[in-house]
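Bear in mind that the values in this text are calculations on the coordinates, not laboratory data. Model, not experiment: these values are computed from the prediction. With ideal geometry, Cβ positions are generated from the backbone for all residues, glycine too; neighbour counts draw on all protein chains shown.
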Amino acid sequence: MKRLVAIVLLAVMLVPSLIACGNNTPATTTPAIDDPSVTDAPVVTEPADTTYAFSDETYDGATFSVHVTGNMTNMNDFKVSEDADDVINSSRFRWLTAVSDKYDVVIEQTANLSFGSAGGSGPGYQQLKKSYTAADYTYQAAMTGSYDVAQAALNGYLLDLNSLEGLDLTNPWWDQKANDDMTIHGKMYYTTGDISLTDNQVTHCILFNKELAKAIDDPYKLVYDNKWTYDKFAEMILQVSEDVNGDDKMDRYDKFGLLTWNDSMLQILASATQRICTVNENNEIALTLYNDTVVSLFDDYNELIYQNKNVINYQNGYGQNDWDPIRLAMFDEARAMFYMTLFTTVPKHRDSDIDFGILPFPKYSEQQSDYGHQVSAFHGQFLCVPLFLEDEKMVADILEYLAATGKDIMTPAYYEKTLVGSHFRDEESGDMLDIIFASRVYDIGIYYNIGTYRSLIGNLAKSKTTTITQIYNAYKNKANKELQTLNADYSKISE
């Protein structure tokens, strides 16, 4: 009980310490929702940043509206549920209240979330188009699905975030990897960071059964010693295989070294810090898919995943309605040592009896300087701002403070939620989360499906005979023509 009280007091103390930077008296305006009842709070290990000079402006009860769209129906960073009592929901209430009070604004959200809706011309794109063509000031910001936001940027519907006075994307609460990967022709049209938990939730990771792994090696130690490579990963996988039900065939009812899925193929590319396309030194988008590392990487991985005694793809040979039941049951019933997935999966297993941990994807070799983890484009959202705003200063002030307070309130809450289960607390994985979230990879080539490589690479998980060399050569001319057009279009809107 004492620990609980101390945690709650610490979380509450963080907010005024950050607000004090502005030297203004907080107003009483808050989100229009009652504080949900909670029984726990996040462990916060770092104090709020009291050195950054946040704006002292207040905005007389103005409304700050966020439009939230994407392919995942439960991904809304700005919605507080009245009937939820988990640590994320209660922290979100405190987060939004802190920002509302400091700037005397009412933060509202409108969501249009539907699976498969954000394919490039979905509701997020349509609203941003409307804001541009009709000078519609309904929304001051948006969290928009990856494919929709990429098309909105290309059509000139978005403001360069670097042009907003008072918004500093070099601050630690913004993802610096996003700055590196997504600054196009010198402009930054969409981004992410501690303003959102969605980027965490849809980042790729590996779950592992600690009991099965310890008989072979200690994956955590391998990470700490820079020995967590694909060779070691494959070596461990190939030591686990059991025909559990004795029917002389390996299927969903048996034990495997690796449980994987089709989406892992694009993550494999990212794990070696490789991309379909990269923004080059001339600030142009260039095709960078094909090199010796990529060829070796896919040759090795394809050889591994078609070892049917040791690896199972829960999407191959099974109906879509069976995918979730298969993967969840296999891991909860200790029939998979390693499990490639997204962080969205973690809460589904925290109440199981399995003691499991979280790992980064292995490096391709020890010589690789950084790990690499893709933020799933299909599932992801990015923060963006419509080109036309009534009050740019207000938007900049609020977004900056949302991100800063998100770092102190929401991110620790997410760690707590991710690492704690009903039966086990997985402290070691905290370091792994730090590694994973600091090594995100954003691939412009995926967002624009350059050369249709996004789809073709995913299909490598379905065909043993197709190689990365074959698909690259077949579509490289198409890809380069698309990039010529893409760069020309970006050059025009960047003038």
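With a/c under 1.5 counting as rounded, go ahead and sort segment 270-416 into rounded, prolate or oblate using the C-alpha gyration tensor (a ≥ b ≥ c being the square roots of the eigenvalues; past the cut-off, prolate if a/b is larger than b/c, else oblate).
oblate
Under 17 Å Cα-Cα from LYS464, which aspartates and glutamates qualify once same-chain neighbours fewer than 8 residues away are excluded?
Excluding near neighbours in sequence, the set is ASP263, ASP299, ASP300, GLU303.
Given 4 °C and 1.567 mPa s, how large is the Stokes-Einstein diffusion coefficient of the chain in µm²/s, with Rh as the Kirkwood radius over Cα pairs?
Answer, rounded: 55 µm²/s.
Fewest to most neighbouring Cβ within 10 Å: what's the order for LYS102, LYS407? Display every interim value, and only then the final one.
Values: LYS102 28, LYS407 21.
Ordered from fewest to most neighbouring Cβ atoms within 10 Å, LYS102, LYS407 come out as LYS407, LYS102.
Above 21 Å lies some portion of the pair distances; for segment 139-262, what is it as a whole percent of all C-alpha pairs?
Here the long-distance tail beyond 21 Å is 60 percent of all Cα pairs in segment 139-262.
Along Cα→Cβ, 7 Å out, is where each label goes; now give me the distance between the ones at SER296 and ASP168 in nm to one decimal.
Those two pseudo-labels are separated by 4.2 nm.
Roughly how far apart, in whole Å, are the Cα centres of segment 79-128 and segment 219-254?
Each part's Cα centre sits 40 Å from the other's.
Among the listed pairs LYS232/LYS348; LYS102/LYS407; LYS102/LYS187; LYS348/LYS417; LYS79/LYS177, which are separated by more than 18 Å between their Cα atoms?
The pairs that break the limit, which is 18 Å between Cα atoms, are LYS232/LYS348; LYS102/LYS187; LYS79/LYS177.
For an R0 of 30 angstrom, estimate the FRET efficiency from the Cβ-Cβ distance between ASP431 and ASN74 and round to the nearest 0.05. Before the final figure, lay out the partial values.
Numbers: r = 27 Å, r/R0 = 0.91.
The formula returns an efficiency of 0.65 here.
Find the relative contact order for segment 351-490 and round it to a whole percent, using C-alpha pairs within less than 8 Å whose residues are 6+ positions apart.
Computed over segment 351-490, the figure is 31 percent.
Only Cα pairs under 8 Å and at least 6 apart count here; give the relative contact order of segment 123-254 as a rounded whole percent.
Value for segment 123-254: 13 percent.
Going through segment 244-339, which GluC sites (Glu not before Pro) have at most 13 other Cβ atoms within 10 Å and a DSSP loop state? Working shown, then result.
Details: sites: GLU281, GLU284, GLU303, GLU333; in loops: GLU281, GLU284, GLU333.
Taking segment 244-339 and a limit of 13 other Cβ atoms within 10 Å, the loop GluC sites (Glu not before Pro) found are GLU281.
Within segment 285-306, name every residue whose backbone N is under 13 Å away from a label modeled 7 Å from Cα of LYS476 along the Cβ vector.
Only 287-292, 295 fall inside the zone, counting backbone N under 13 Å.
If a paramagnetic tag sat 7 Å from the Cα of LYS348 along the Cα-Cβ line, which residues of segment 223-259 would have the backbone N under 15 Å from that point?
The answer is 259, whose backbone nitrogens lie closer than 15 Å to the label point.
What distance in nm separates the two pseudo spin-label positions at SER121 and ASN280, each 7 Å out from Cα along the beta-carbon direction?
The modelled label-to-label distance comes out at 3.1 nm.
For segment 236-334, rounded, prolate or oblate, judged on the Cα gyration tensor with a ≥ b ≥ c (square roots of eigenvalues), a/c < 1.5 rounded, else prolate if a/b > b/c?
prolate
Given R₀ = 60 Å, what would the calculated FRET efficiency be for ALA215 paired with PHE388, taking r from the Cβ atoms and rounding to 0.05?
The formula returns an efficiency of 0.50 here.
For GLU108 and ASP180 in the same chain, what is the full-extension length gain: residue separation times 0.36 nm, less their Cα-Cα distance, in nm?
22.9 nm
If you take the square roots of the eigenvalues of the alpha-carbon gyration tensor of segment 387-478 and sort them as a ≥ b ≥ c, do you get rounded (a/c under 1.5), prolate (a/b over b/c) or oblate? Each step should come with its number before you reach the end.
Values: a/c = 3.94, a/b = 1.36, b/c = 2.89.
Taking the square roots of the gyration eigenvalues as a ≥ b ≥ c, segment 387-478 is oblate.
So for the chain, averaging the separation of alpha carbon pairs under 8 Å that are six or more residues apart and normalising by length, what relative contact order in percent results?
It rounds to 23 percent for the chain.
Quick one: which residues, 5 or more positions from GLN109 or on another chain, have an amide H under 5 Å from its amide H? H modelled 1.01 Å from N in the peptide plane, none for Pro or chain starts.
Long-range HN contacts for GLN109: VAL66.
Of all the C-alpha pairs in segment 439-495, what % are more than 12 Å from each other?
71
Two decimals, Cα atoms only, Kirkwood Rh: what is Rg/Rh over segment 294-353?
1.01
Can you check what the net charge comes to around MET182, using other residues whose Cβ is under 10 Å from the Cβ of MET182 (Lys, Arg +1; Asp, Glu -1)?
Neighbour charge sum, excluding MET182 itself: -2.
Could you pull out the chymotrypsin sites (Phe, Trp or Tyr not before Pro) across segment 190-285 that fall in loop regions by DSSP (anything but H, G, I, E, B) with no more than 16 other Cβ atoms inside 10 Å?
TYR253
Rounded to two decimals, what is Rg over Rh for segment 70-197 when you use alpha-carbon atoms and the Kirkwood radius?
Values: Rg = 15.4 Å, Rh = 16.0 Å.
Across segment 70-197, the Cα-based Rg/Rh ratio is 0.96.
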